[in-house]
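Colleague: Pasting in a structure now, in structure tokens, and then I'll have a few things to ask.
The values are calculated or read from the model by the stated rules, or taken from the named source; none is laboratory data. Owing to the predicted nature of the structure, the values given are computational and were not obtained by experimental measurement. With ideal geometry, Cβ positions are generated from the backbone for all residues, glycine too; neighbour counts draw on all protein chains shown. When the accessible area is computed, the model is the full protein with side chains, heavy atoms only, and any ligands, DNA or RNA have been set aside. Shrake-Rupley method; radii C 1.70, N 1.55, O 1.52, S 1.80 Å.
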Amino acid sequence: MSIMLDGIFSKVAENRAAGRKTIIYVDEFWIMMKHEQSAKYIDDMWRRFRKYGAWVTGITQNLQDLMNREEGRSIVNNATISVMLGQQANEVQLLKEAYKLSSTQCLYIHEAPPGHGLLKFGDAYIPFENEFDKSLSLYRAMTTNQMELREFQKNGT
């Protein structure tokens, strides 16, 4: 993990020197918080990367695991932009505490259907419904529903 994180930082520094911006997506972000060393490293990177012209996006479905560490809570609490999708009650409670959400705002994320949620942008909270016609090729390109993907492949669409 340390070698991988150091490699990412080196690439960000290289891009900065070349005048290029870097966008980093970390899927299963909670894994980074699993070990003390990687949690501290990623927290430090999260704070410094903006100054290096990099934008880091952490993606997780395991909010509880992310919030178990001080570094994870710090990252969530300091996020300028957060997209909150459907969550179970215990994760909604964590988000309510972290972002000081109202009970009404929590309704937008408590067991929300796919494509529905709450967007945090700075101090603004914006509920959204983002549904696509399933017959569109754009929908087929974006869906992560494995059952639908198999059906699309079976039908040759």
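Colleague: Sorting Ile126, Ile23, Ile109 by accessible area (1.4 Å probe), largest first, what list results?
Modeller: Ile23, Ile126, Ile109
Colleague: Can you pull the accessible area of Ser74 for me, 1.4 Å probe, Å² to the nearest 10?
Modeller: Rounded to the nearest 10, that gives 20 Å².
Colleague: Check the chain and count each lysine pair with an alpha-carbon distance under 23 angstrom, considering only pairs eight or more places apart or from different chains.
Modeller: Close lysine pairs found across the chain: 10.
Colleague: What is the sum of charges, Lys and Arg at +1 and Asp and Glu at -1, for the other residues whose Cβ falls under 13 Å from the Cβ of His116?
Modeller: -3
Colleague: Something else: How do Tyr99, Tyr25, Tyr108, Tyr52 rank by accessible surface area computed with a 1.4 Å probe, from largest to smallest?
Modeller: Final ranking, largest accessible area leading: Tyr25, Tyr108, Tyr52, Tyr99.
Colleague: Highest GNM mean-square fluctuation, the chain, Cα pairs closer than 10 Å: which of Gly117, Gly19, Gly58?
Modeller: Result: Gly19 has the largest fluctuation of those listed.
Colleague: For the range 26-85, what is the charge dipole size about the Cα centre, in debye to the nearest 20, if Lys and Arg each add +1 at the Cβ and Asp and Glu each add -1 at the Cβ?
Modeller: Taking the Cα centre of the range 26-85 as origin, the dipole is about 280 debye.
Colleague: Taking the structure as given and computing Rg/Rh (Cα atoms, Kirkwood Rh), which label from [x] 0.99; [y] 1.27; [z] 1.02 fits?
Modeller: Of the listed options [x] 0.99; [y] 1.27; [z] 1.02, [z] comes from this structure.
Colleague: What nm distance separates the two modelled labels at Glu131 and Asn15, each placed 7 Å from Cα along Cα→Cβ?
Modeller: In this crude spin-label approximation the distance works out to 3.6 nm.
Colleague: As a test, work out the antiparallel percent of DSSP beta bridges whose residues both lie in the chain, rounded to the nearest 5.
Modeller: Of all bridge pairs located within the chain, approximately 60 percent are antiparallel.
Colleague: Would you mind telling me the share, in percent, of accessible area of the chain contributed by carbon and sulfur at probe 1.4 angstrom?
Modeller: In the chain, the share of accessible area belonging to carbon and sulfur is 53 percent.
Colleague: Let me check I've understood the local charge: for Glu14, count other residues with C-beta under 14 angstrom from its C-beta, Lys and Arg +1, Asp and Glu -1. What total comes out?
Modeller: +3
Colleague: In addition: What whole-number value in Å² describes the accessible area per residue of the range 1-61 for a 1.4 Å probe?
Modeller: Dividing the accessible area of the range 1-61 by its residue count gives 67 Å².
Colleague: Can you give the charge dipole size of the chain about its Cα centre, rounded to the nearest 20 debye, using +1 on the beta carbon of Lys and Arg and -1 on the beta carbon of Asp and Glu?
Modeller: 580 debye
Colleague: Can I ask one more? Students sometimes get this wrong: rank Trp55, Trp46 by accessible area, probe 1.4 Å, all chains present, largest first.
Modeller: Of Trp55, Trp46, the descending order of accessible area is Trp55, Trp46.
Colleague: List the relative contact order of the chain as a percent without decimals, with contacts defined as Cα pairs under 8 Å and 6+ residues apart.
Modeller: 16 percent
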